[in-house]
C-alpha cells in the first residue's frame, strides 16, 4: 500500500550556488542537450533550468550596458551640502588658527 504524504513529512528544498545556476543556464542556452538531458545531468527539474535560463537572458544585457548599473551603485552626492561643509570647516580652521596665534600657542612658521 503506498504511503500517503502527511503533515509530518519534511520537504527538502535544495539551494544551489549562483555559479552552479549560471553553469546550468549556459548549458541550456548552448542547446547542445535537451532540457531532459540537462535535468538528468545536473539533477534538477527542467522547469528550474528554464527559469535559470530566462533569468540569465534577462540579466545578460546589464553586462554589456552603458554603465547604468555602475552609475546606480554610486550614491547621489549633494554638492551644495559638501561645499557648505567645506566653507564651514575652512572658517573654523581659520578662526582656531587665529586664536592659537594670539595665545602664542601657534608658531608663525609651521
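The values are calculated or read from the model by the stated rules, or taken from the named source; none is laboratory data. Fair warning: this is a prediction, and the values are worked out from it, not measured in the lab. Don't worry about glycine lacking a Cβ; one is built from the backbone with ideal geometry, like all the others, and counts go over all protein chains shown.
Some points to look at:
- The helices (runs of 4 or more DSSP H) falling completely within the range 33-85 that include 2 or more residues that are surrounded by 12 or more Cβ atoms within 10 Å (Cβ to Cβ) and at pLDDT 80 or above map to 35-42, 46-63.
- Test: residue in the range 93-104 that is surrounded by fewer than 10 Cβ atoms within 10 Å (Cβ to Cβ), at pLDDT below 95 and under 30 Å from the mean Cα position of the chain (by Cα): no
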